[in-house]
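Here is the structure we will look at.
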Amino acid sequence: AKKAGPGTVCFFEASDDRASRDRKALQSDLEGAIARGELFLVYQPFLNLGENRITGFEALLRWQHPQRGLVPPSEFIPIAEETGLIHEIGEWVIRRACATLADWPDDIRVAVNFSAAQFHNTGILQTIVQALADANLAPHRLEVEITESMLLSKYGSAVSILNALLQLGVTVALDDFGTGFSSLTYLRKLPFSRIKIDQSFIRDMLVQPDCTAIVKSVISLARDLRIGVVAEGVETADQLEYLRQIQCDEVQGYLIGRPMAADQVPALLHSKKHR
Ligand code: C2E
Ligand code: CA
Ligand code: CA
Ligand code: CA
């Protein structure tokens, strides 16, 4: 075994300690975050290229921490998942997104992100039904985004929840498409409404010929399967132009719009800037 001096060991222990204390602090802060009104949603638009209009928004969670400022979801969602807080947070996200969507035009949808734990909790169906009813929304206006890693464990329960959602009329998108190992298998077996090509492919699409081929194939595959396809992480006009050329349905990314506060959405829907 590798020998390490006591000093070295001590150093790592100390920094591990600090990290875990920090995590515990964040965890206890997160417990009251909903009640204190510190969580909020921002909305990032989908631009439909064929229809030449904004067709919807992805709801992305934010936490305004009183001392730390804005904490990114990559930092607090894993904590919420480990502690089980994700169930309460996830319910809040669904209810909040539906209530907000009720103020927007009928041809606008909102997509919410699901965590694996939430997806395997059948109580989620009741939450969705109730949130849609309370906001008086047609079910097709709500979309759920799941990743393929959520299908890996408990595949059977994933399939039944997926089917129950579709039965309700809620659409389901396969997020981060292409980053897992069996995306194509899932596509063949499960009735997704839409796939979202991961932003890593879009980033390299115009610089790596292999990547160009993959994006092109995924778009034509989606067309043949008659499901929608969204390109994530579109940042440049060249990327947008290329995606238009190869007839991608929808695009999302900083070029089209950054995630924004709900009250900025009506102005975006009225402006023609995105065209
Ligand atoms: P995601 O679902 O893949 O969301 C896309 C992420 O890419 C978002 O980061 C978005 O702000 C960012 N993004 C959008 N356009 C661009 C672009 O053009 N360039 C680049 N570089 N990035 C772009 P965000 O908001 O930090 O969210 C990170 C992840 O946190 C999400 O990845 C999702 O997995 C998770 N998340 C966010 N909100 C929720 C939620 O309400 N519930 C759950 N369970 N997870 C959430
Ligand atoms: Ca997503
Ligand atoms: Ca994604
Ligand atoms: Ca992601």
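The values are calculated or read from the model by the stated rules, or taken from the named source; none is laboratory data. Predicted, not measured: the structure shown is a model, and the values here were computed from it. When we count neighbours, we look across all protein chains shown, and the Cβ atoms used for this are built from the backbone with ideal geometry, even at glycine.
Odds and ends about this structure:
- Any chance Ala59 is touching an Asp or Glu at 6+ places or on another chain (Cβ under 6 Å), outside any helix (DSSP H, G or I), of a type in the set (A, V, I, L, M, F, W, C) and within 16 Å of ligand 3 (Cβ to nearest atom): no
- Selection count where residues are among the β-branched types (Val, Ile, Thr) and more than 21 Å from Asp175 (Cα to Cα), scope the stretch 80-108: 2
- Gly123 more than 29 Å from Glu250 (Cα to Cα) and either without any contact (Cβ under 8 Å) to a residue 60 or more places away in the chain or over 13 Å from the mean Cα position of the chain (by Cα) (or both): yes
- Qualifying helices (runs of 4 or more DSSP H) (wholly inside the stretch 62-130; at least 2 residues being within 15 Å of Gly37 (Cα to Cα)): 85-101
- Selection status of Val42, within 16 Å of ligand 3 (Cβ to nearest atom), in contact (Cβ under 8 Å) with a residue 24 or more places away in the chain, crowded, with 18+ Cβ neighbours inside 10 Å and part of a strand (DSSP E or B): no
- The C-beta contact set for the stretch 236-251 (first residue at positive phi, second residue surrounded by fewer than 20 Cβ atoms within 10 Å (Cβ to Cβ), distance under 8 angstrom, 6+ apart or interchain) comprises Gln247/Leu49; Gln247/Gly50; Gln247/Ile219; Gln247/Arg223.
- Of the residues making up the stretch 148-174, those that are in contact with a helix residue (DSSP H, G or I) (Cβ under 9 Å, 6 or more places away or on another chain) and modelled with pLDDT of 90 or more are Ala164, Leu165, Leu168, Gly169, Val170, Thr171, Val172, Leu174.
- The residues listed here are Ala111, Ala173; of these, the one that is in contact with a Lys or Arg (Cβ under 6 Å, 6 or more places away or on another chain) and within 26 Å of Ser217 (Cα to Cα) is Ala173.
- If the condition is being farther than 27 Å from Val230 by Cα, more than 16 Å from ligand 1 (Cβ to nearest atom) and out of contact with any Lys or Arg (no Cβ under 9 Å at 6 or more places or on another chain), then the stretch 115-135 contributes Thr122, Gln126, Ala133.
- Qualifying residues in the stretch 176-192 (those that are closer than 18 Å to Val215 by Cβ and of a type in the set (Ser, Thr, Tyr)) - the one nearest to ligand 2 (Cβ to nearest atom): Thr179
- Matching option when the condition is of a type outside the set (A, V, I, L, M, F, W, C), farther than 21 Å from Asn48 by Cα and either at pLDDT 95 or above or within 15 Å of ligand 4 (Cβ to nearest atom) (or both), among Asp210, Asp198, Asp204: Asp204
- Per the conditions (1) within 13 Å of ligand 3 (Cβ to nearest atom); (2) closer than 25 Å to Leu142 by Cβ, the sole criterion not satisfied by Ala222 is (1).
- Residues of the stretch 136-151 satisfying the condition of being within 16 Å of ligand 1 (Cβ to nearest atom), free of Cβ contacts under 8 Å to residues at least 60 places away in the same chain and of a type outside the set (Ser, Thr, Tyr): Leu142, Val144, Ile146, Glu148, Met150, Leu151
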